[in-house]
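Trainee: Take this structure, written in structure tokens, and hold onto it; I'll ask about it next.
The values are calculated or read from the model by the stated rules, or taken from the named source; none is laboratory data. Please read these numbers as outputs of a predicted model, since none were measured by experiment. Cβ coordinates were reconstructed from backbone atoms using ideal geometry, including for glycine residues, and neighbour counts include every protein chain displayed. Surface accessibility is based on the protein's heavy atoms, side chains included, excluding ligands, DNA and RNA. Shrake-Rupley method; radii C 1.70, N 1.55, O 1.52, S 1.80 Å.
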Amino acid sequence: MPATPPQVLAVDLGTSGVKAALVAADGTVTGWAERSVPLRVTPGGGAEQDPPAWWRALAEVVADLGRAHPEHLRAVTTVCSSTQGEGTIAVDAAGEPLTACITWLDMRGATNLRRQFGGFPAYDGMSVRRIVRWLRLTGGMPSPTGKDPAAHMLLIRDEMPQVYARTATFLNVLDWINLKLTGRTVATVDSILTSWVTDNRRPDQIRYSAALVADCGIDPDKLPPIVACTEVIGTLSPAAAAHLGLPATVRVVAGAIDNTAAAVGAGTTADNDPHLYLGTSSWIAAHVPAKKTDVGAQIAAVPCAVPGRYLMTALQATAGANLTWLKDKIVEYDDPLLGAGHLSGDERSVFDAFDMIIPTVPAGANGVLYMPWLYGERAPVDDRDLRAGFLNISLDTNRSDLLRAVFEGVALNTRWLTGAVDRFLGSPMTSLTITGGGARSDAWCQIFADVLGVEVRRDADPVAVNARGAGWIGAVGEGRLSFGDLPALMRRDRVFAPTAAHRARYDEIFGIYRDLHRRLAPVYRRLHR
């Protein structure tokens, strides 16, 4: 029996919970275990998670892997994590959390952000002079919604002064996991991004900007040192080794936040090679050689795992969330969706159900249009007031028409996004890799190919993209391979070519879709006054 190759324990810590897999350098994913971790929504826009609950869940999933794949777990040489981003945890001098994690959904710091960074003239409550400096140095700016660490830290400073006084360091989610694994306090080039205090103009020398740090309102000594995503930051501490049941000789590579890891896990590490991640939200991302920001389209190229490169990311606020809404809210007594699994789980049943229904409806959903803005939109327009809706429903419209319209609506919105992406990259996309949980639907992949008019190559294991990305970042950090090796290692199970007969129909519908946005955006603003 051949020896088991060295394995990376790849940790995928998302908002829904903690997942882990065992990943070899060739990208083979062995085993998959997960535990849910609750999200606590609090009055006034709060959204928190319990960091110790993550740590307990991690031990449980590693134990699951050990029971199912003992030889592979014994072959683990490295741990590397991919986590949700934009979270904030205040820790004391002993590394113990003083607060729950203030997650990327938490908006309580918006007022504190405007108070710190206001001035005249202002945009969205923040000084235009400051915005120009952020864009020049970092490539972006704090979210006016208060949903990133720049606002979270100010919230703690202003509303929890006793906690702030005891805080030794503010950490993002990835940083806290690495602290628990190694005892070392660091941030990665991508986890520190949304504190908006770094000079990102040289991709291999991401560093704190003295001017941005001085203006951020947070004591400089409360910000962690910055390392590359591929840096070996240590070995497992004795406590972590005992907690996880692994040798203390196992190395820890710094890892990355989720969208950075997905870009690696999709195998799209070559310049301008795009992928579409299709999850609760979705994004188009590609590695690019230069820092750049398209302010109008809300697209930026920011620090990432690949040396000398930036990651362009264009985010669509809701994608798979529309399917979850449809499954939970629009079903009939005999609907196969009633017994289907959750979109983010391992069960394929919900996608099998979708794939039975969608091909029975012609392209264009019998005239029904759907706008997928359940929670506003981020790109190519930043408009928190937009909302979802069906158009052109008649007495003849049935549930199957509505289902196909939802799938097409998300794809039409992505086509709108690709126009800005094409301008950003300097040439039109001719193909892309599709990954993430939503890519399990054959019908949806085909709709994307038809609506976008490009060849869509599907990741053979799209649910594992973040874990595979963490595994590959860990393997690069170990020196087992380079990022240039990954495109050849990437496995795809199917290529979806555009259906020529559908092109004219979708071109016409897309024109109507754009017109609907222009006409409805002022209406939504009035409704949300």
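Trainee: Mind listing whichever residues of the range 221-238 are of a type in the set (A, V, I, L, M), open to solvent by 20 Å² or more (accessible area, probe 1.4 Å) and touching a Pro at 6+ places or on another chain (Cβ under 9 Å)?
Mentor: Once the filter is applied, which keeps residues that are of a type in the set (A, V, I, L, M), open to solvent by 20 Å² or more (accessible area, probe 1.4 Å) and touching a Pro at 6+ places or on another chain (Cβ under 9 Å), the range 221-238 yields only Ala228.
Trainee: I'd like to verify a number: residues in the range 290-317 that are outside any strand (DSSP E or B), over 29 Å from Ile447 (Cα atoms) and in contact with a strand residue (DSSP E or B) (Cβ under 6 Å, 6 or more places away or on another chain), how many?
Mentor: Residues flagged as outside any strand (DSSP E or B), over 29 Å from Ile447 (Cα atoms) and in contact with a strand residue (DSSP E or B) (Cβ under 6 Å, 6 or more places away or on another chain) within the range 290-317 amount to 6.
Trainee: Every residue in the range 467-492 that is assigned to a helix (DSSP H, G or I) and hydrophobic (A, V, I, L, M, F, W, C), please.
Mentor: Ala467, Ala470, Trp472, Ile473, Ala475, Val476, Phe483, Leu486, Ala488, Leu489
Trainee: Within the range 462-476, track down each residue that is under 10 Å from Thr230 (Cβ atoms) and open to solvent by 10 Å² or more (accessible area, probe 1.4 Å).
Mentor: Val476 - this is the single residue of the range 462-476 that is under 10 Å from Thr230 (Cβ atoms) and open to solvent by 10 Å² or more (accessible area, probe 1.4 Å).
Trainee: Exactly one condition in (1) open to solvent by 30 Å² or more (accessible area, probe 1.4 Å); (2) of a type outside the set (Ser, Thr, Tyr); (3) closer than 19 Å to Pro307 by Cα; (4) in contact (Cβ under 8 Å) with a residue 40 or more places away in the chain is not met by His243; state its number.
Mentor: So His243 meets the others, but not (3).
Trainee: Which residues, counting only those in the range 362-385, are in contact (Cβ under 8 Å) with a residue 40 or more places away in the chain, of a type in the set (A, V, I, L, M) and open to solvent by less than 10 Å² (accessible area, probe 1.4 Å)?
Mentor: Ala365, Met371, Ala379
Trainee: Please specify each residue of the range 184-202 satisfying the condition of being crowded, with 24+ Cβ neighbours inside 10 Å, over 20 Å from Gly217 (Cα atoms) and touching a Leu at 6+ places or on another chain (Cβ under 9 Å).
Mentor: Thr188, Asp190
Trainee: Scan the range 477-499 and give yes if some residue there is surrounded by fewer than 18 Cβ atoms within 10 Å (Cβ to Cβ) and within 30 Å of Gly389 (Cα to Cα), otherwise no.
Mentor: There is at least one residue in the range 477-499 that is surrounded by fewer than 18 Cβ atoms within 10 Å (Cβ to Cβ) and within 30 Å of Gly389 (Cα to Cα).
Trainee: What is the residue count in the range 503-529 for residues that are in a helix (DSSP H, G or I) and free of Cβ contacts under 8 Å to residues at least 60 places away in the same chain?
Mentor: Qualifying residue count, the range 503-529: 11.
Trainee: Within the range 377-417, count every residue that is of a type in the set (Val, Ile, Thr) and within 28 Å of Thr145 (Cβ to Cβ).
Mentor: Residues flagged as of a type in the set (Val, Ile, Thr) and within 28 Å of Thr145 (Cβ to Cβ) within the range 377-417 amount to 4.
Trainee: For Glu34, are the conditions met, namely being open to solvent by less than 60 Å² (accessible area, probe 1.4 Å), out of contact with any Phe, Trp or Tyr (no Cβ under 7 Å at 6 or more places or on another chain) and charged (D, E, K, R)?
Mentor: It is false that Glu34 is open to solvent by less than 60 Å² (accessible area, probe 1.4 Å), out of contact with any Phe, Trp or Tyr (no Cβ under 7 Å at 6 or more places or on another chain) and charged (D, E, K, R).
Trainee: How many of the residues in the range 138-169 are under 21 Å from the mean Cα position of the chain (by Cα) and either over 30 Å from Asp385 (Cβ atoms) or not in a helix (DSSP H, G or I) (or both)?
Mentor: 11
Trainee: Do you know which residues across the range 257-274 are buried (at least 22 other Cβ atoms within 10 Å of the Cβ), closer than 28 Å to Pro6 by Cα and over 11 Å from the mean Cα position of the chain (by Cα)?
Mentor: The answer is Val264, Gly265, Ala266, Gly267, Thr268, Thr269.
Trainee: For the range 33-132, please list each of the helices (runs of 4 or more DSSP H) lying entirely inside it that holds at least 2 residues being acidic (Asp, Glu) and within 26 Å of the chain's Cα centre (by Cα).
Mentor: In the range 33-132, the matching helices (runs of 4 or more DSSP H) lie at 51-68.
Trainee: Right, something else. When the residues of the range 189-237 are filtered to those that are small (Gly, Ala, Ser) and without any contact (Cβ under 8 Å) to a residue 24 or more places away in the chain, which remaining residue is nearest to Ser127 (Cα to Cα)?
Mentor: Restricting to residues being small (Gly, Ala, Ser) and without any contact (Cβ under 8 Å) to a residue 24 or more places away in the chain, the top hit is Ala214.
Trainee: Kindly provide the set of residues from the range 318-340 that are at pLDDT below 75, open to solvent by 40 Å² or more (accessible area, probe 1.4 Å) and in a helix (DSSP H, G or I), ordered by number.
Mentor: Selection gives Asp328, Lys329, Pro336, Leu338, Gly339.
Trainee: Looking only at the range 280-303, count every residue that is in contact with a Cys (Cβ under 8 Å, 6 or more places away or on another chain) and open to solvent by 10 Å² or more (accessible area, probe 1.4 Å) and tell me the total.
Mentor: Here the count works out to 0.
Trainee: Given the criteria exposed (fewer than 15 other Cβ atoms within 10 Å of the Cβ) and hydrophobic (A, V, I, L, M, F, W, C), does Phe120 qualify?
Mentor: Taking the combined requirement at face value, the residue satisfies it.
Trainee: Please go through the range 144-183 and pick out each residue that is out of contact with any helix residue (DSSP H, G or I) (no Cβ under 7 Å at 6 or more places or on another chain), open to solvent by 30 Å² or more (accessible area, probe 1.4 Å) and either closer than 19 Å to Ile131 by Cβ or not aliphatic (A, V, I, L, M) (or both).
Mentor: Within the range 144-183, Lys147, Glu159, Pro161, Gln162, Arg166, Gly183 meet the criteria.
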